[in-house]
Amino acid sequence: MKPLRIDVISVIPGFFESPLQKGLLHIAAEKHLVDIHVHNLHDYGLGRYQQVDDAPFGGGAGMVIRPEPVFACIEQLQQERQYDAVIFMTPDGKPLDQKSANRLSRLENIIVLCGHYKALDQRVRDVLVTHEFSVGDVVLSGGEIPALMLMDAVARLIPGVLGDSESALSDSFQTGVLDCEYYTRPAEFRGMKVPGVLLSGHHRKIEEWRRQNALERTQDRRPDLLDQETLSELKNT
């Protein structure tokens with residue numbers, strides 16, 4: 001199987017050194033299931049100091065990433081291979097969800113552009129970017145942390161990356177609701193007991209308990225996820 005290639009563009013590429021040498025993304029790369037390349041936007045910068053940003057037209061605080069370095073970097077990559085998606089991580093993008101991660105995990109080549117400074121020149125977004133994702137209603141200092149979140153969410157869905165292939169299939173959001181509660185040994189800890197059904201060995205009853213528990217947790221924590229069909233299931237159990 002051809003690995004998913006991810007090209008990351010950042011003004012601080014060193015940020016990714018440690019995360020890519022440890023953990024799931026490192027395991028995915030070692031198994032040749034994901035191939036990640038990090039590009040320094042400053043390599044495409046302007047002038048002696050490889051400038052990549054400038055003051056915004058119209059005035060105001062902060063700096064804006066210029067279009068020339070981004071166009072140069074992405075167009076060079078596109079000359080080498082065809083990309084299925086050019087993703088920009090931004091607070092005003094579409095919320096990154098499990099359905100999006102599932103779709104991205106089935107692609108072959110993607111570019112992830114990390115924002116920085118105040119903003120990215122809109123012409124880059126209008127012409128080059130195909131997908132824009134946000135990881136929450138919060139502003140970070142750059143798109144590097146969101147990029148890592150996206151790559152981790154996508155990589156773990158690729159068959160063979162996780163040791164237990166069924167683990168990702170039962171995660172929160174994968175089935176439209178939050179995951180259920182989990183317990184392990186000991187069966188009793190400081191007076192707190194594991195639900196008896198989980199110790200019964202009765203697989204059908206265990207699955208029924210997990211589904212009911214997942215529905216109840218979703219209703220309590222994220223009722224916005226429940227559609228009418230799922231609400232009816234919850235009422236009828």
Note on the range 186-237: residues part of a helix (DSSP H, G or I) and among the small types (G, A, S) are G196, A214, S232
message = Residue under question is P159, and the condition is that it be in a loop (DSSP other than H, G, I, E, B), at pLDDT 95 or above and loosely packed, with under 11 Cβ neighbours inside 10 Å; does it hold?
response = no
Please determine whether any residue of the range 5-22 is touching a helix residue (DSSP H, G or I) at 6+ places or on another chain (Cβ under 9 Å) and assigned to a loop (DSSP other than H, G, I, E, B). yes
Going through the range 194-234 in order, the residues found to be farther than 16 Å from D179 by Cβ and modelled with pLDDT of 95 or more are V194, G196, V197, L199, S200, G201, H202, H203, R204, K205
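Conditions (1) more than 20 Å from G142 (Cα to Cα); (2) touching a Phe, Trp or Tyr at 6+ places or on another chain (Cβ under 6 Å); (3) charged (D, E, K, R); (4) in a helix (DSSP H, G or I), marked per residue:
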site: A28; (1), (2), (3), (4): yes, no, no, yes
site: H32; (1), (2), (3), (4): yes, no, no, no
site: V38; (1), (2), (3), (4): no, yes, no, no
site: Q78; (1), (2), (3), (4): yes, no, no, yes
site: Q82; (1), (2), (3), (4): yes, no, no, no
site: L104; (1), (2), (3), (4): yes, no, no, yes
site: I111; (1), (2), (3), (4): no, yes, no, no
With criteria (1) surrounded by fewer than 17 Cβ atoms within 10 Å (Cβ to Cβ); (2) modelled with pLDDT of 95 or more; (3) of a type in the set (G, A, S), S165 comes up short on (2)
Within the range 43-66, the residues that are buried (at least 17 other Cβ atoms within 10 Å of the Cβ) and assigned to a helix (DSSP H, G or I) are Y44
Expected single match for within 20 Å of the chain's Cα centre (by Cα), part of a helix (DSSP H, G or I) and more than 15 Å from V8 (Cβ to Cβ) among K94, K99 is K99
For the range 67-90 the number of residues that are touching a helix residue (DSSP H, G or I) at 6+ places or on another chain (Cβ under 9 Å) and either surrounded by fewer than 21 Cβ atoms within 10 Å (Cβ to Cβ) or closer than 15 Å to V127 by Cβ (or both) is 15
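The values are calculated or read from the model by the stated rules, or taken from the named source; none is laboratory data. Model, not experiment: these values are computed from the prediction. We place every Cβ from the backbone using ideal geometry, glycine too, and count neighbours over all the protein chains shown.
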